[in-house]
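Just below is one structure, and these are the notes that go with it.
The values are calculated or read from the model by the stated rules, or taken from the named source; none is laboratory data. Small disclaimer: the values here were computed from a predicted structure and weren't measured. Neighbour counts are summed over all protein chains in view; Cβ atoms, including those assigned to glycine, are modelled from backbone coordinates with ideal geometry.
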């Protein structure tokens with residue numbers, strides 16, 4: 001399996017974001033906001049933006065997965 005460092009980094013950040021959303025959904029507790037000074041602080045907004053960008057980047061994984069499956073079917 002040929003995993004790129006960007007894939008691992010993006011997946012890790014997406015998991016952190018998902019855990020934060022779970023905390024918000026279950027307990028109304030925003031860990032990022034608590035750690036970095038509220039939802040409107042610059043650092044929190046940067047972290048939210050990075051999580052969002054990683055989510056968008058992860059969409060490219062679908063095409064690579066389908067390309068890999070097509071290559072396996074040809075062999």
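Free of Cβ contacts under 8 Å to residues at least 40 places away in the same chain, out of contact with any strand residue (DSSP E or B) (no Cβ under 6 Å at 6 or more places or on another chain) and assigned to a helix (DSSP H, G or I): does that describe residue 48? Criteria met by residue 48.
Out of everything in region 1-21 that is more than 18 Å from residue 46 (Cα to Cα) and surrounded by fewer than 12 Cβ atoms within 10 Å (Cβ to Cβ), what residue ends up being nearest to the chain's Cα centre (by Cα)? Step by step, filter region 1-21, then rank; the result is 8.
Evaluation of residue 30 against the conditions (1) surrounded by 13 or more Cβ atoms within 10 Å (Cβ to Cβ); (2) modelled with pLDDT under 95; (3) over 10 Å from the mean Cα position of the chain (by Cα) shows that the sole unmet condition is (2).
Evaluation of residue 22 against the conditions (1) modelled with pLDDT of 95 or more; (2) in a loop (DSSP other than H, G, I, E, B); (3) out of contact with any helix residue (DSSP H, G or I) (no Cβ under 6 Å at 6 or more places or on another chain) shows that the sole unmet condition is (2).
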